[in-house]
Amino acid sequence: MSRDPEDELQALRNDHLFRKLRTIDSPQQTELIIDGNHFVNFSSNDYLGLSQNPDIITAYKSGLDQWGAGSGASRLICGTQRPHQKLEHLLAELKSCEAALTFSSGYATAVGTITALAKKGDILILDKLCHASLIDGARLSGATLRIYPHNDIDRLNSHLLWAVDKISDTDGRIIIITESVFSMDGDLCPLNQIVSLKEKYGALLLLDEAHAFGVIGKGIGLADDLDLADQVDLQMGTLSKAIGLSGGYLCSSRSIIDLLINRSRSFIYSTAPPAATAEAALTAVNLMVGDEGKHLRARAQANIQQLTTAIDQIEETSSPILPLIVGSSEEAMDLSGQLFEDGFLIPAIRYPTVPRNEARLRITLSAAHTGEQISRLISSLAKLLPSR
Ligand SMILES: *Cc1c(COP(=O)(O)O)cnc(C)c1O
């Protein structure tokens, strides 16, 4: 007899890995309403608070008025509406690339890009902590995968040595895949060293800047901040985190982008995002790289200082992602539950999102948090943590 879904759910519950959706009756801002109660949200990726920015909302509305609600079909079928093209030009310019392509999500970008560029016989080398979208794309591509321990440059080097030997005499590709800011740990990859290695061995580099765009340096990302944009073959990111909207992008050479337009299945076989979203993204990205963005990044940084100075167990990272590693899923769920009772939404991040026994609370800060909201979190953590 085929297995009963209820048995599978029970197994998840037994392992404290069962997940359920929580309905929210308010915008995704720092203060949330759940079942009529108010909570402070420390779990969003809206690092600059742009999801609620009035100028971006106005641009979205005028985009709707001008272009309508839906986009009709995929961009190869119905044509590319002008705002998509403008947005891609802007992204390519900021990332110092010849061209860019936008997708309906970062997930679709990762899967569509990797499967279009890699196939059986190619070799993909990924950091152990790469996001699920990168892993799924890598698996789906049919290429050979090699994983190196998180940020372990020696192991990356030995995988590259092996890969170069393995594909010699073929026209195979080697692609290194990493994030710039890691999504669950908030730390950075050693991009200078990775770029040196990729040059040495003639590999390509795909850098996922999902959590760096809007955050690192001038907001453009780590490759730009370290002046390495020219050496990163594929700069990926999302408009759904610090940009506050939705959609993903890939910036690269003209020929790679043309190849994606021809081969990337998540681009070809998916309806274009509404043009209004692209209009809003144009406004948001311009705002993010301008003075207002700079001011918001400074605000976020002050908030990070306030929290990390007060709570020893939370180490400062290079980003607004501040993991509080707890250990078992059960303990992480307990702490998250206690914080929820105190009025904070900070979900526990458990296996398989993070390794087993590294369950954590992933606290994210935004420029939109007030000092008072952070003080309240500090008091609550000071009360809950020593007893653990
Ligand atoms: C969130 C995320 C994605 C996916 O982006 P979406 O726009 O949310 O689909 C890809 N890569 C990383 C590292 C992410 O954190």
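The values are calculated or read from the model by the stated rules, or taken from the named source; none is laboratory data. In this text the structure is predicted, and so the values were computed from the model without any measurement. Reconstructed Cβ throughout: ideal geometry from the backbone, glycine too, with neighbour counts over all protein chains shown.
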Among the residues of segment 153-165, are any touching a Phe, Trp or Tyr at 6+ places or on another chain (Cβ under 9 Å), among the polar types (S, T, N, Q), assigned to a helix (DSSP H, G or I) and modelled with pLDDT of 95 or more? yes
Residue list for segment 128-149, filter: touching a Gly at 6+ places or on another chain (Cβ under 9 Å), part of a helix (DSSP H, G or I) and either away from the ligand (no atom under 16 Å from the Cβ) or not hydroxyl-bearing (Ser, Thr, Tyr) (or both): Gly137
Within segment 71-127, track down each residue that is under 21 Å from Ile176 (Cβ atoms), away from the ligand (no atom under 16 Å from the Cβ) and β-branched (Val, Ile, Thr). Ile123, Ile125
Any chance segment 76-84 includes a residue that's charged (D, E, K, R), within 27 Å of His211 (Cβ to Cβ) and modelled with pLDDT of 95 or more? no
Yes or no: segment 21-30 includes at least one residue that is among the basic types (Lys, Arg) and in a helix (DSSP H, G or I). no
Can you work out which of the residues in segment 31-57 that are assigned to a helix (DSSP H, G or I) and surrounded by 10 or more Cβ atoms within 10 Å (Cβ to Cβ) is farthest from the ligand (Cβ to nearest atom)? Asp55
Got a number for residues in segment 331-354 being without any contact (Cβ under 8 Å) to a residue 24 or more places away in the chain, surrounded by fewer than 22 Cβ atoms within 10 Å (Cβ to Cβ) and small (Gly, Ala, Ser)? 1
Examine segment 14-22 for a residue that is more than 16 Å from the ligand (Cβ to nearest atom), of a type in the set (S, T, N, Q) and either surrounded by 13 or more Cβ atoms within 10 Å (Cβ to Cβ) or closer than 30 Å to Leu228 by Cα (or both), and state whether such a residue exists. no
Pairs under 7 Å by beta carbon, first residue under 18 Å from Ser264 (Cα atoms) in segment 128-151, partner within 16 Å of the ligand (Cβ to nearest atom) and among the small types (Gly, Ala, Ser), six or more apart or different chains? Ser133/Gly106; Ser133/Ala110; Leu134/Ala110; Gly137/Ala110
Residues that are out of contact with any strand residue (DSSP E or B) (no Cβ under 7 Å at 6 or more places or on another chain) and within 14 Å of the ligand (Cβ to nearest atom): which helices (runs of 4 or more DSSP H) entirely in segment 230-291 hold 1 or more of them? 275-289
